[in-house]
Amino acid sequence: MRTGTGRRAAVAAAALGFLLAACGGPSGQGAREAGSGHPSASRSGGAATADPTAIPGLGERFHRRIPADSRQVVAVYGEGVDSARSTVALYTKRGSAWHRDRVWAAHNGTKGWTTDHHENDKRSPVGVFTLSDAGGVLPDPDGSPDAGLPYTRSGSFAAPRSWGRSYWHDFDYVIAIDYNRVKGTPPNDPTRPEGTSKGGSIWLHMDHGSGTSACVSLPQEGMEHLLRTLEPDLHPVVVMGDRAHLRA
């Protein structure tokens, strides 16, 4: 567990309103679908994939975009370009072989996926992104000192109580997806290097049973496992998109 500094906590508090508008909350299709999500399906893996040098479901184009030094990949397989349902799998590379660790049912943007994400389009961005920073309302589940992603614990992550109860715990745990953000800052730092129109504050976070504004949401067990497992020295990335895009 690498705790955030005072500066990180101050930035987290200042960014509350900005991040909540960007990442979560009951809006559009997601609000109507609350409670209709598919059940979580977490299980241990460990076996090498059919082609051990490749991650299943990814075409050559996406494999080339995974950094050569990355030993951990969180793969998000969207059911369809317009679907809010997805499956998340964690892969770890040992030697030249990728091994599946865990799999979870998940959700993405309420309107599906896009290769050109913009603020409030309710679609998750397709791509390969690094994973550098984490945080949330709850303490870091990784209790090991100087291990895991840098973690900023702050009450400023709490979802507004004006949202439905199913959304209240969305940000108990979050992992920032490095899309249009500054690495090394709390997940809710509002800085957007590519401009506000390109959106931001896109995270892995706790699931509420339906689609999101653009984030990817997992069950609590999944978030806790990722926070205990992802290591900066292994250069983790997320590869995310609908299955058709990922295979291309």
In whole Hz, the Karplus estimates of ³J(HN,Hα) for segment 135-151 (6.51, -1.76, 1.60; θ = phi - 60°; x where Gly or Pro) are x, x, 6, 8, x, 4, x, 7, x, 6, x, 6, 10, x, 5, x, 10
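Going by a ≥ b ≥ c, the root eigenvalues of the Cα gyration tensor, does segment 109-222 fall in the rounded group (a/c under 1.5), the prolate group (a/b larger than b/c) or the oblate group?
Oblate shape, in that a/c is at least 1.5 and b/c is the bigger or equal ratio.
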Between the DSSP loop rule and a limit of at most 12 other Cβ atoms within 10 Å, which trypsin sites (Lys or Arg not before Pro) in segment 177-248 are left? 183
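To the nearest 20 debye, what charge dipole does segment 50-108 have about its Cα centre, counting +1 at the Cβ of each Lys and Arg and -1 at the Cβ of each Asp and Glu? Walk me through the intermediate numbers first.
Values: 9 positive and 6 negative charges, 42 e Å.
Here segment 50-108 has a charge dipole of around 200 debye.
Each value in this text was obtained by applying a stated rule to the coordinates, not by laboratory testing. The structure presented is a predicted model; accordingly, all values stated were derived computationally and were not measured. Here Cβ is always computed from backbone atoms with ideal geometry, including for glycine, and neighbour counts include all displayed protein chains.
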